[in-house]
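Asker: Please find one structure pasted underneath; my questions will follow.
The values are calculated or read from the model by the stated rules, or taken from the named source; none is laboratory data. This is a predicted model, so every value here is computed, not measured. We place every Cβ from the backbone using ideal geometry, glycine too, and count neighbours over all the protein chains shown.
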Amino acid sequence: MGCTSNQSEYSQLSDTGKPALHSIQSAQLKILMQQLNDLMFEHMLNEVQIDRQRRYRTKEIVKVSENLLATIEFIPNALPNLSLNKSEQKIFLNLTEQLKNQVTLLKQEAENNHVDAIAKRANIIIETCNTCHHLFRQNKTQ
């Protein structure tokens, strides 16, 4: 046959002509090998697709993190409107700094494709936000 330009990137069994005498189960073996090939091809495609999706999502997380970091810079500007005492202001600013640090770490983890750390980091960020909201958004007369 010679070389062909349309070869699969996955290995295929070669057609070597008439089967040897010892290949009594050749039809069954051929079916099983085709099933194995199909499963491997399907599995590899799924891994490739998952990897592409993971890279896309981490890039999006980097973008969102950058936007969050830019927005966090303006949080201290809300202090004059919050009527907080000095101690509360310090807590508010500490939580803002903690949020900034956590978002910076999230951005770095996404940039480095540390996908296993991203969900945990996002939960920590949410906890920081909830702490601040609980302390400074609720009606203080309750």
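Asker: Return the total of residues in segment 116-142 being at pLDDT below 90 and surrounded by 13 or more Cβ atoms within 10 Å (Cβ to Cβ).
Answerer: Qualifying residue count for the region: 1.
Asker: Can residue 106 be described as out of contact with any Phe, Trp or Tyr (no Cβ under 7 Å at 6 or more places or on another chain) and either at positive phi or of a type in the set (A, V, I, L, M, F, W, C) (or both)?
Answerer: Working: out of contact with any Phe, Trp or Tyr (no Cβ under 7 Å at 6 or more places or on another chain): yes; either at positive phi or of a type in the set (A, V, I, L, M, F, W, C) (or both): yes.
For residue 106, the condition - out of contact with any Phe, Trp or Tyr (no Cβ under 7 Å at 6 or more places or on another chain) and either at positive phi or of a type in the set (A, V, I, L, M, F, W, C) (or both) - is met.
Asker: Please list, ordered by first then second residue, the pairs with beta carbon atoms under 9 Å, 6 or more apart or interchain, first in segment 76-88 and closer than 13 Å to residue 137 by Cβ, second modelled with pLDDT of 90 or more and of a type in the set (A, V, I, L, M).
Answerer: Final answer for the pair search is 84/91; 88/135.
Asker: Going through 90, 100, 107, 86 one at a time, which residue ends up being closer than 21 Å to residue 55 by Cβ and of a type in the set (Lys, Arg)?
Answerer: Every option except 107 fails the conditions.
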